[in-house]
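Notes follow the structure.
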Amino acid sequence: MTNTTSHDTFQAACNLIPGGVNSPVRAYKSVGTEPRFVARAKGSRIWDIDGREYVDFVGSWGPMILGYGYEPVLDAVREQLELGTSFGAPTCVEVEAAEAVVNAVPSVEMVRFVSSGTEATMSAIRLARGYTGREKFIKFDGNYHGHSDSLLVAAGSGVLTLGIPGTPGVTQGAAKDTIVLPYNDLDSVREALEANPEQVAAVILEPIAGNMGVVPPKPGFLQGLRDLCDAHGTVLIFDEVITGFRVALGGAQELYGVTPDLTTLGKIIGGGFPVGAFGGKAEIMRHLAPEGPVYQAGTLSGNPVAMVAGITTIAALSQPGVYEELDRKGKKLADGLCRAAGSAAVHTHCNRVGSMSTMFFTHLEVSNWASASTADTDRYARFFRGMLDRGYWLAPSQFEACFVSLAHTDEEIEAFVDAAGEVLASL
Ligand SMILES: *Cc1c(COP(=O)(O)O)cnc(C)c1O
């Protein structure tokens with residue numbers, strides 16, 4: 001590829017890759033511009049091939065919590081590269097990574113590694129069905145759990161941002177056992193469980209929603225789900241692909257003190273490499289092949305290069321004070337944005353948990369998809385483009401999180417807030 005600008009590369013890409021991107025969320029379609037092609041990144045900064053520099057608040061959609069190019073991760077990867085990149089046979093680093101996850105995440109007694117968050121959630125649903133002998137499951141409107149058929153119903157940002165009506169290719173058969181309910185509404189879950197006695201295998205949710213913008217659980221929602229699942233013999237699955245190692249080392253389940261039966265992980269756990277994982281109660285996990293009858297497999301699962309990146313990332317996040325620091329920076333950013341919006345008299349509602357936040361362009365409190373979807377996405381698009389022009393790399397959708405990493409400095413956050421103030425005043 002000899003093209004030198006993002007524009008030219010994008011033109012070429014559009015003839016080779018559908019939409020020019022390998023994941024729809026990377027398109028800048030909904031914000032009315034074209035994606036910038038990345039040359040490299042380091043710490044909190046990312047550079048496009050046009051030579052522009054940005055302070056990045058996407059962090060590869062969450063994984064880069066330590067900042068880009070974190071040296072201990074690079075060292076561990078270099079060392080493993082020399083030993084071999086894939087064997088299709090067990091390695092010590094897989095056991096070491098499993099131990100790190102079991103130690104970190106309260107609900108996880110046993111874990112299996114896969115290569116993406118999609119694989120983790122898809123496998124967890126299969127396991128819950130195999131374990132309970134039931135077929136239906138409950139998910140929540142605006143929660144995203146990867147793109148497997150039965151989970152791709154009312155599925156959050158990627159689908160919502162592009163305004164794709166339903167999901168062609170997902171058969172009615174695949175979707176018919178998926179019950180979709182409003183987030184943060186315990187009564188509707190109770191009613192659905194009672195209306196489908198001994199038929200609901202699992203309730204799956206993002207314990208802090210991140211794929212309709214950040215939407216925290218209302219007080220009592222998670223514990224209420226725990227109690228309902230216990231009463232109905234239903235497996236409670238926390239999809240912590242974003243929140244795992246993000247809001248606390250042990251994820252949202254540690255933060256809120258509610259323990260699911262199964263947990264899915266991804267993003268941060270791979271330290272920038274393709275890794276997902278699902279784990280939970282040993283009694284349930286032992287139903288997986290080869291120990292049990294529920295089949296699940298992967299040629300590159302537990303890939304050693306990805307494992308050492310994950311182990312090193314978890315070790316760095318285990319240092320004392322890490323989550324206090326992330327929370328302090330996240331608060332500085334979100335509070336600063338709220339103040340800036342207030343000064344500019346722009347109606348916004350900010351949701352934040354630790355280092356993940358979303359400023360919704362709506363005056364309503366945002367607690368589910370119905371309220372999130374009142375946000376003015378045109379206004380977000382103008383905000384996004386104004387910030388991009390000023391050297392800030394944000395998610396090209398209103399319905400995503402803004403992520404702060406350990407590499408962001410206070411000065412960068414202050415400058416970001418100042419720039420946001422200017423852009424907001426011009427909207
Ligand atoms: C990103 C995400 C997934 C899917 O992970 P991939 O690695 O993109 O397949 C699943 N669940 C949640 C909550 C996510 O944010």
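The values are calculated or read from the model by the stated rules, or taken from the named source; none is laboratory data. Just so it is clear, the model here is predicted, and its values are computed rather than measured. Ideal geometry is used to build each Cβ from the backbone, glycine not excepted, and the neighbour counts take in all protein chains shown.
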Legend entry - Criterion (touching a residue at least 60 places away in the same chain (Cβ under 8 Å), more than 16 Å from the ligand (Cβ to nearest atom) and either surrounded by fewer than 22 Cβ atoms within 10 Å (Cβ to Cβ) or not assigned by TED's automatic domain parsing to the domain that holds residue 371 (or both)) met by exactly one of 135, 119: 135
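Within the group 331, 281, 267, which residue is of a type in the set (Lys, Arg) and within 16 Å of residue 62 (Cα to Cα)?
Unique residue meeting the criteria: 267.
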Inset, instruction - Can you give me the number of residues within the stretch 21-38 that are away from the ligand (no atom under 13 Å from the Cβ) and out of contact with any strand residue (DSSP E or B) (no Cβ under 8 Å at 6 or more places or on another chain)? - result: 10
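Of 73, 25, 55, which residue is modelled with pLDDT of 95 or more and either outside any strand (DSSP E or B) or among the acidic types (Asp, Glu) (or both)? Give the steps one after another, and end with the answer.
Values: 25 fails: modelled with pLDDT of 95 or more; 55 fails: either outside any strand (DSSP E or B) or among the acidic types (Asp, Glu) (or both).
Every option except 73 fails the conditions.
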Legend entry - Which listed residue is under 23 Å from the mean Cα position of the chain (by Cα), closer than 22 Å to residue 212 by Cβ and of a type in the set (Lys, Arg), from 26, 40, 45, 36: 26
Inset, instruction - Return the only residue of 113, 87 being farther than 30 Å from residue 393 by Cα, within 16 Å of the ligand (Cβ to nearest atom) and in the same structural domain as residue 239 (by TED's automatic domain parsing). - result: 113
Legend entry - Conditions (1) more than 20 Å from residue 278 (Cβ to Cβ); (2) out of contact with any strand residue (DSSP E or B) (no Cβ under 6 Å at 6 or more places or on another chain); number of the one not met by residue 334: (2)
Inset, instruction - Would you mind finding the one in 236, 222, 255 that is in the same structural domain as residue 153 (by TED's automatic domain parsing), part of a strand (DSSP E or B), within 20 Å of the chain's Cα centre (by Cα) and away from the ligand (no atom under 13 Å from the Cβ)? - result: 236
Legend entry - Filtered residue count, the stretch 406-427, keeping only those that are surrounded by 15 or more Cβ atoms within 10 Å (Cβ to Cβ) and part of a loop (DSSP other than H, G, I, E, B): 4
Legend entry - Residues of the stretch 206-218 satisfying the condition of being more than 9 Å from the ligand (Cβ to nearest atom) and either buried (at least 24 other Cβ atoms within 10 Å of the Cβ) or under 14 Å from residue 239 (Cα atoms) (or both): 207, 208, 212, 213, 214, 215, 216, 217
Legend entry - Scan of the stretch 197-215 for residues that are under 19 Å from residue 61 (Cβ atoms) and part of a loop (DSSP other than H, G, I, E, B), ordered by number: 206, 207, 208, 210, 212, 214
